[in-house]
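Read through the structure below, which is laid out as structure tokens, and then see the notes.
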Amino acid sequence: GAVVSQHPSWVICKSGTSVKIECRSLDFQATTMFWYRQFPKQSLMLMATSNEGSKATYEQGVEKDKFLINHASLTLSTLTVTSAHPEDSSFYICSARGGAQPQHFGDGTRLSIL
Amino acid sequence: QKEVEQNSGPLSVPEGAIASLNCTYSDRGSQSFFWYRQYSGKSPELIMFIYSNGDKEDGRFTAQLNKASQYVSLLIRDSQPSDSATYLCAVNDQAGTALIFGKGTTLSVSS
């Protein structure tokens with residue numbers, strides 16, 4: 001089945017640090033990748049949608065200058081949380097979709113900002 | 001505002017029983033419907049998807065869709081303790097790409 005790899009799985013860093021999260025589709029070409037954020041006991045909230053080779057589309061209320069998304073190839077998208085602060089601590093999950101495939105999720109990245 | 005509504009639960013069933021999870025959605029133009037299972041601290045895992053009215057069966061799981069009532073459900077037969085998780089209902093938007101998720105129903109299967 002479709003496999004999406006997300007790395008790293010856990011990050012702990014100081015306030016003000018920038019953190020990059022990678023999302024790779026391992027056995028299919030992901031024309032579209034999605035980035036979600038999930039706070040404890042809440043549902044997934046879509047942050048942005050990225051299509052290979054074009055700028056990401058951000059959901060209302062998500063700062064594009066803070067959450068930089070790059071989808072440079074059909075198998076890789078990255079999310080960079082710039083100058084992270086404690087309120088950015090969350091579970092970040094990517095998903096990928098290619099062709100008629102439903103979305104498949106990566107294992108998520110738990111980000112803790114001290 | 002497009003919404004997907006689920007009862008947060010917890011829904012408690014004994015081992016071997018049928019668990020019934022329900023979901024309603026507001027966007028009548030929705031095309032595709034998905035059920036994901038999420039264990040605590042893990043990312044969602046796709047269980048089933050359904051596009052057409054009626055039932056779709058896969059092993060112990062049956063998804064049911066009624067577009068007229070804007071209702072989709074998931075039945076889990078012969079529930080096992082390992083089925084204990086949060087089940088997320090998701091609906092695609094009219095562009096056919098981004099999913100809108102409900103808040104999830106927590107299922108607890110007791111042995």
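Read the figures in this text as sums done on the coordinates, not as results from a lab. Just so you know, these numbers come straight off a predicted model, no measurement behind them. Neighbour counts are summed over all protein chains in view; Cβ atoms, including those assigned to glycine, are modelled from backbone coordinates with ideal geometry.
Annotations
- Relative contact order (percent, whole number), chain A, Cα cutoff 8 Å, 6+ residue spacing: 37 percent
- Segment B:24-52 residues near the modelled A:Thr57 label - backbone nitrogen below 20 Å, point 7 Å along Cα→Cβ: B:26-34
- Normalising the Debye intensity of segment A:15-114 to I(0), with uniform scatterers on Cα atoms only, and taking log10 at q = 0.23 Å⁻¹ returns -1.25.
- Working note: Karplus 6.51/-1.76/1.60 with θ = phi - 60° gives segment B:14-20 the couplings x, 4, x, 7, 9, 9, 10 Hz, where Gly and Pro are set to x.
- Annotation: for a label point projected 7 angstrom from Cα along Cα→Cβ of B:Ser108, residues of segment B:1-45 with backbone N closer than 12 Å are B:9-14.
- Pairwise Cα separations in chain B fall into 5 Å bins from 0 onward with the following percentages, short to long: 2, 13, 24, 25, 19, 10, 4, 1, 0.
- Intensity falloff of segment B:57-111 expressed as log10 I(q)/I(0), Debye formula with alpha-carbon point scatterers, at q = 0.24, 0.26, 0.27 Å⁻¹: -1.09, -1.16, -1.19
- For the listed residue pairs B:Lys2/B:Lys103; A:Lys20/B:Lys42; A:Lys14/A:Lys41; A:Lys20/B:Lys2; A:Lys20/A:Lys66; B:Lys42/B:Lys103, the alpha carbons are over 22 angstrom apart in A:Lys14/A:Lys41; A:Lys20/B:Lys2.
- Normalised convex hull volume, segment B:2-57, alpha-carbon set, Å³ per residue: 123 Å³
- Centre separation in Å (Cα based) which lies between segment B:15-55 and segment A:56-102: 24 Å
- Global form of the protein assembly as shown, assessed from the alpha-carbon gyration tensor, a/c cut-off 1.5: prolate
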